[in-house]
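Read through the structure below, which is laid out as structure tokens, and then see the notes.
The values are calculated or read from the model by the stated rules, or taken from the named source; none is laboratory data. Because the structure is a prediction, the values reported are computed rather than measured. Here Cβ is always computed from backbone atoms with ideal geometry, including for glycine, and neighbour counts include all displayed protein chains.
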Amino acid sequence: MPQPSAASCDGKFGLIDDMLGRGIVLLGVGIDPKSELSNEQVQSWSALGARFVTLRPADQKAESRDDLIDIDGSLIEWITSHGVNVVAIRHDKFVVAASGNLDVPNK
């Protein structure tokens, strides 16, 4: 997973790893990742403490505190180059699920 610089709506700036933190994060490219999930999937990810983050390109502004701006676009490019628009990322930045199968993985 690329490590671009990112910015938040409250003016924080840093590497995407630092901005995402240590927990599970579902990243949606230009969309709220919850919009691609069933209610059951949202509940399952939420039960694991997952955050739902919209990743936006630098030519868009953050619309909520759950938005991050991909400054150079490299993470957006990497995600979309795999034919998906939502990924679920573990604390160690390993992708565990993506568009098409966003169920919480079994152990």
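Worth a mention:
Each row is one residue, and each column tells you yes or no for (1) crowded, with 18+ Cβ neighbours inside 10 Å; (2) at pLDDT 95 or above.
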residue	(1), (2)
15	no, no
20	yes, no
27	yes, yes
60	no, no
65	no, no
87	yes, yes
91	no, no
101	no, no
107	no, no
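- Every condition in (1) of a type in the set (Gly, Ala, Ser); (2) closer than 20 Å to residue 84 by Cβ; (3) at pLDDT below 95 holds for residue 50 except the one numbered (3).
- So residue 61, is it under 21 Å from residue 105 (Cβ atoms) and of a type in the set (Lys, Arg): no
- Subset of the stretch 29-45 [hydroxyl-bearing (Ser, Thr, Tyr) and either under 14 Å from the mean Cα position of the chain (by Cα) or surrounded by 15 or more Cβ atoms within 10 Å (Cβ to Cβ) (or both)]: 35, 44
- Scan of the stretch 81-107 for residues that are of a type in the set (Val, Ile, Thr), farther than 14 Å from residue 53 by Cα and in contact with a strand residue (DSSP E or B) (Cβ under 6 Å, 6 or more places away or on another chain), ordered by number: 84, 95, 96
- One residue stands out in the stretch 2-13 among those that are hydrophobic (A, V, I, L, M, F, W, C) and within 25 Å of residue 46 (Cα to Cα): the one that is surrounded by the fewest Cβ atoms within 10 Å (Cβ to Cβ), namely 9.
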